[in-house]
Amino acid sequence: MTQTINNKVALITGITGQDGSYLAEFLLEKGYTVHGIKRRGSQFNTQRIDHIYQDPHIENSRFKLHYGDLSDTSNLVRIIQETQPDEIYNLGAMSHVAVSFESPEYTANVDAIGTLRILEAIRILGLEKKTRFYQASTSELYGLVQEIPQKETTPFYPRSPYAVAKLYAYWITVNYREAYGIYACNGILFNHESPRRGETFVTRKITRGLANIAQGLEECLYMGNMDALRDWGHAKDYVRMQWMMLQQEKPEDFVIATGVQYSVRQFIEWSAAELGIQLRFEGQGVDEVAIIDCITGDKAPALKPGQIIIKIDQRYFRPTEVETLLGDPRKAKEKLGWAPEITAKEMCKEMIASDLYEARRHMLLKNHGYKTQPSTET
Ligand code: NDP
Ligand code: GDR
């Protein structure tokens, strides 16, 4: 594929995550030089971006990684000074709502103060007129919803340490825009998923878990609140919008959503159907289970009708839950001409296909005597 080279430089925090990987692909395709901040881990953590990695020894490489962390001010200042970015996309975060109840202080440090550190770095380095800043804000800000559907003017009511940290990040972004004239905006993004979604978020947990069960690699999927309602879009559609927001004349905040919501239970039914499994839900509350009614096709050779494959586990319920989220993306449509191209159901199909491929690969190795087992951590 031919790529037009432009002289723009982007810096992405969270480049090893779901959105970071899609955004890096998108910007490289647009001809940007892309710098990314990755954390040092005891194992490689670049699986989502390995396919776009460029050997740093190659002349004119347009994709460069830097070790760093949002909790480390001097590191951020140095990277921003060295790279002199035209655009910074702050996607790095401790992004798991349930985990934020376990690590609230760390979440605040990275998600809230990490955002401040980048904005301050822009100021300290005198880049207020050069560098545009995108903040990964979230529909979790609406929490206990005050209006349906939620739009840019809907009041916030965060319901987790994650959401409270992101509330600080939202307002400090607005404040630095107003106080120092920095081109800074918030994308208030509703849930978005893909085959690259982290394995412990609910959609991926479902598609991966059911694909593994269908192949005989796991026996049962344990779920939390299956009544939760979400407005799910595809990450590819949403990173395009992140870029569009930084190309406007004036910085503004936008809600990014599909305007349609489904329950977790509905997503389970779609995923099962993609595997040729028809489910029946029985029981109530923590005693609810999903039983196989019938199976068609050849995608679930390990299963039989009558088997229970989903149970409820109290540990996946949150101390305070966000029961319902539904976004109103009209501003993004009217002002930027953005509309999502992939529906939640199409995305579910893509995720099942990808996880079924992985499950079959594991099974094939196992059947040929190789030791292999997908992680069952949830
Ligand atoms: P992921 O969890 O997939 O990725 C998070 C990224 O942040 C990873 O690259 C991770 O690195 C990195 N990170 C975590 N902690 C730190 C740290 N201390 N310093 C530097 N980097 C760190 O999230 P998504 O891609 O799904 O989301 C991107 C952003 O958008 C996040 O800020 C999230 O809160 C926000 N958001 C996401 C939505 C969604 O539905 N996906 C909706 C609304 C907002 P590592 O790989 O090493 O863990
Ligand atoms: P969310 O996403 O909390 O909306 O945050 P998640 O997929 O974790 O949960 C969605 C809903 O599903 C319910 N649920 C479960 N969730 C998980 N993870 N595991 C389960 O077993 C389970 N059972 C039911 C949850 O209670 C919840 O109601 C995501 C993250 O990407 C954030 O970073 C982002 O800001 C928001 O989306 C918008």
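All of the numbers you see were taken from the coordinates with simple rules; none came from a lab. Everything quoted here is computed from the prediction, not taken from an experiment. Every residue, glycine as well, gets a Cβ built from its backbone with ideal geometry; the counts of neighbours run over all protein chains shown.
Which shape class applies to the chain: rounded if a/c is under 1.5, otherwise prolate when a/b exceeds b/c and oblate if not, where a ≥ b ≥ c are the square roots of the Cα gyration tensor eigenvalues?
prolate
For every helix of n ≥ 4 consecutive DSSP H residues, a contribution of -39,500 (n - 2.57) applies; sum these over the chain, divide by its total residues, and give [θ] at 222 nm rounded to the nearest 500 deg cm²/dmol.
So the calculated ellipticity at 222 nm is -10500 deg cm²/dmol.
Return the long-range amide H neighbours of T138 (sequence gap of 5 or more, or a different chain), with a cut-off of under 5 Å between placed amide H atoms.
L189
By its C-alpha gyration tensor, with a ≥ b ≥ c as the square roots of the eigenvalues, how is region 257-352 shaped: rounded for a/c under 1.5, else prolate for a/b larger than b/c, else oblate?
The shape class here is oblate.
Take the alpha-carbon centre of region 263-317, take the same for region 143-170, and report the distance between them in whole Å.
Cα centroid of region 263-317 versus Cα centroid of region 143-170: 32 Å apart.
Apply the Karplus parameterisation 6.51 cos²θ - 1.76 cosθ + 1.60, with θ equal to phi minus 60°, to every residue of region 255-271 and state each ³J(HN,Hα) to the nearest whole Hz, in sequence, with x for glycine and proline.
Result, ordered by residue: 7, 10, 7, 9, x, 10, 10, 9, 8, 4, 4, 4, 5, 5, 4, 4, 4 Hz.
Strictly over 29 Å apart at the Cα level, which of K345/K366; K64/K130; K30/K333; K129/K331; K166/K236 would you flag in this model?
Among K345/K366; K64/K130; K30/K333; K129/K331; K166/K236, the Cα-Cα distance tops 29 Å for K345/K366.
Ranked highest first by the average count of other Cβ atoms within 10 Å around their residues, in what order do 180-186, 26-32 fall?
Ranked from most to least packed, the peptides come out as 180-186, 26-32.
Within region 48-119, report the GluC sites (Glu not before Pro) that DSSP leaves as loop and that have at most 13 other Cβ atoms within 10 Å.
E59
Go through 132-143, 302-313, 259-270 and give me the packing order, highest mean Cβ count within 10 Å leading.
Per-residue Cβ counts within 10 Å, averaged per peptide and sorted highest first, yield 132-143, 259-270, 302-313.
Treating only the Cβ atoms of Lys and Arg (+1) and Asp and Glu (-1) as charged, compute the dipole magnitude of the chain about its Cα centre; round to the nearest 20 debye.
Charge dipole, the chain, about its Cα centre: 680 debye, nearest 20.
Using the Cα centre of the chain as origin and beta-carbon charges of +1 (Lys, Arg) and -1 (Asp, Glu), tell me which of G276, A300, M363 is placed farthest towards the positive end of the dipole.
M363
What length, rounded to one decimal in nm, is gained on full extension from S61 through to E178, with 0.36 nm per residue of separation minus their alpha-carbon distance?
Computed gain between S61 and E178 is 38.5 nm.
How would you classify region 35-128 from its alpha-carbon gyration tensor, with a ≥ b ≥ c the square roots of the eigenvalues: rounded for a/c under 1.5, else prolate if a/b is greater than b/c, otherwise oblate?
It is oblate, given that a/c is not under 1.5 and a/b is not larger than b/c.
Report the calculated FRET efficiency for E29 and E147 (r = Cβ-Cβ distance, R0 = 30 Å), to the nearest 0.05.
Efficiency for this residue pair is about 0.20.
Please give the peptides 193-200, 232-239 ranked by average Cβ packing (other Cβ atoms within 10 Å per residue), highest first, as a rough proxy for protection.
Sorting 193-200, 232-239 by mean packing, highest first, produces 232-239, 193-200.
Which residue, chosen from G327, L23, T203, occupies the Cα position most advanced towards the positive end of the dipole of the chain, where the dipole is computed from +1 (Lys, Arg) and -1 (Asp, Glu) charges on Cβ about the Cα centre?
L23
Take K129 and T296, extend 7 Å from each Cα along the Cα→Cβ direction, and tell me the distance between the two endpoints in nm.
For K129 paired with T296, the spin-label model returns 6.6 nm.
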